[in-house]
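In what follows, a single structure is set out as structure tokens and then discussed.
The values are calculated or read from the model by the stated rules, or taken from the named source; none is laboratory data. None of the values given here were measured: they were computed from a predicted structure. Every residue, glycine as well, gets a Cβ built from its backbone with ideal geometry; the counts of neighbours run over all protein chains shown.
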Amino acid sequence: MFSLSAIFTGDKGNIVFTFEHSEADAIFDSEIWPLDDPTYSGFSSYSPVVNGYGEDGWISNTDMCAQAPNVVDATDGEDGGRCKYNYGEVTKFTPDTEKNSMFTKFNY
């Protein structure tokens with residue numbers, strides 16, 4: 001962040017110029033929430049790995065769960081259960097920001 005200001009004064013009046021620039025980086029959810037905490041539950045059943053419902057309940061592919069990015073394997077290791085998408089790994093809590101402001105005041 002930086003600011004620039006200039007004032008010009010004469011016999012008939014004055015003028016003030018001010019410019020301010022600021023930037024802030026994004027804050028990701030993964031920087032705030034402890035994703036490895038057992039109480040964390042930011043998972044969605046909509047994942048890149050197909051989940052299905054069979055005779056014995058939910059089924060999925062355990063090997064594909066392990067290979068897909070941002071996916072948590074919630075299966076029993078034998079394809080029973082679901083692969084869940086961990087959206088906390090990729091969502092932003094606050095976005096990148098950049099602001100420029102200018103202020104002018106004059107008297108005559």
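Loosely packed, with under 10 Cβ neighbours inside 10 Å and either in contact with a Gly (Cβ under 9 Å, 6 or more places away or on another chain) or touching a residue at least 40 places away in the same chain (Cβ under 8 Å) (or both) - does that describe any residue in region 63-75?
No; the residues of region 63-75 include none that is loosely packed, with under 10 Cβ neighbours inside 10 Å and either in contact with a Gly (Cβ under 9 Å, 6 or more places away or on another chain) or touching a residue at least 40 places away in the same chain (Cβ under 8 Å) (or both).
Does at least one position in region 19-36 carry a residue that is of a type in the set (A, V, I, L, M, F, W, C) and closer than 30 Å to Phe8 by Cα? Walk me through it before giving the result.
Restricting attention to region 19-36, the residues satisfying the condition of being of a type in the set (A, V, I, L, M, F, W, C) are 19, 24, 26-28, 32-33, 35.
From the residues that got through so far, the ones that are closer than 30 Å to Phe8 by Cα too are 19.
Yes; the residues of region 19-36 include at least one that is of a type in the set (A, V, I, L, M, F, W, C) and closer than 30 Å to Phe8 by Cα.
For region 1-88, list the strands (runs of 3 or more DSSP E) that sit wholly inside it and hold at least 1 residues that are β-branched (Val, Ile, Thr) and at negative phi; which are they?
Values: elements: 2-9, 14-24, 52-54, 57-59, 71-75, 81-86.
The qualifying strands (runs of 3 or more DSSP E) are 2-9, 14-24, 57-59, 71-75.
Inspect all residues belonging to region 18-31 and state whether any of them is at pLDDT below 80 and farther than 30 Å from Lys105 by Cα. Give the derivation first.
The first filter runs over region 18-31 and keeps only residues at pLDDT below 80, leaving none.
No: region 18-31 contains no residue that is at pLDDT below 80 and farther than 30 Å from Lys105 by Cα.
Might you check whether a residue that is closer than 30 Å to Glu98 by Cβ and either touching a helix residue (DSSP H, G or I) at 6+ places or on another chain (Cβ under 6 Å) or hydrophobic (A, V, I, L, M, F, W, C) (or both) occurs anywhere in region 42-59?
Yes, region 42-59 has at least one match.
How many of the residues in region 89-100 are under 23 Å from Asp36 (Cα atoms) and assigned to a loop (DSSP other than H, G, I, E, B)?
Initially, region 89-100 is screened for residues under 23 Å from Asp36 (Cα atoms), giving 89-94.
Those left that are additionally assigned to a loop (DSSP other than H, G, I, E, B): 90-91.
Within region 89-100, residues that are under 23 Å from Asp36 (Cα atoms) and assigned to a loop (DSSP other than H, G, I, E, B) number 2.
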